[in-house]
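The values are calculated or read from the model by the stated rules, or taken from the named source; none is laboratory data. Just so it is clear, the structure is predicted and the values come from calculations on it, not from any experiment. All Cβ positions, even for glycine, are placed from backbone atoms using ideal geometry, and neighbour counts span all protein chains on display.
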């Protein structure tokens with residue numbers, strides 16, 4: 001292996017350790033109470049090493065946030081990838097998202113409003129934009145197969161769905177399990193009413209998917 005490749009690989013591993021350590025430390029202690037020195041110790045690197053990879057603590061924080069959100073959004077999309085399962089319209093959608101948030105404490109911290117100076121930045125993150133694109137793709141697949149209304153714009157449907165999910169997830173994180181337990185089934189019914197065509201949920205109607213709305 002060439003020396004340059006070895007150096008790059010070592011640098012990538014160090015960066016990965018720093019991100020993992022930052023994600024855990026920021027989730028536990030919050031942004032203000034966390035120092036780069038603490039993260040460096042957790043990652044097992046020298047106190048100045050982090051600044052080779054990140055400009056400052058804020059930059060490291062947002063990379064850690066984006067990393068956690070990207071993983072969470074990918075896990076969510078993978079669970080609802082098959083349009084035949086009606087995953088995007090299932091009663092389990094809200095509960096599944098709340099469950100995933102519990103597995104990603106840094107994302108949960110932001111959704112809970114514990115980092116008020118940073119929560120709005122989530123909407124500008126690459127992970128959030130990636131989720132919007134992935135939801136659009138899933139809706140387009142469902143439209144092509146006739147499981148969702150094809151007379152509506154897939155991009156606008158995706159934005160509407162993401163907005164609703166973001167709102168109810170934040171409510172769930174802040175108000176507790178009463179939200180998914182009490183409103184989860186109704187949330188699924190509302191999505192079916194808004195997004196499905198006039199057909200049974202066992203499959204598309206004989207009329208076919210209709211014109212594309214994407």
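Quick check: is even one residue across the range 167-182 crowded, with 16+ Cβ neighbours inside 10 Å, modelled with pLDDT of 80 or more and not in a helix (DSSP H, G or I)? Checked the range 167-182: no residue is crowded, with 16+ Cβ neighbours inside 10 Å, modelled with pLDDT of 80 or more and not in a helix (DSSP H, G or I). Within this structure, residue 193 passes the test of being exposed (fewer than 12 other Cβ atoms within 10 Å of the Cβ), assigned to a helix (DSSP H, G or I) and at pLDDT below 85. Under the condition of being under 14 Å from the mean Cα position of the chain (by Cα) and outside any helix (DSSP H, G or I), the residues counted in the range 96-147 number 3.
Each row is one residue, and each column tells you yes or no for (1) closer than 15 Å to residue 23 by Cβ; (2) assigned by TED's automatic domain parsing to the domain that holds residue 166.
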{"residue": "49", "(1), (2)": "no, no"}
{"residue": "64", "(1), (2)": "yes, yes"}
{"residue": "108", "(1), (2)": "yes, yes"}
{"residue": "115", "(1), (2)": "yes, yes"}
{"residue": "119", "(1), (2)": "no, yes"}
{"residue": "123", "(1), (2)": "no, yes"}
{"residue": "126", "(1), (2)": "no, yes"}
{"residue": "132", "(1), (2)": "no, yes"}
{"residue": "146", "(1), (2)": "no, yes"}
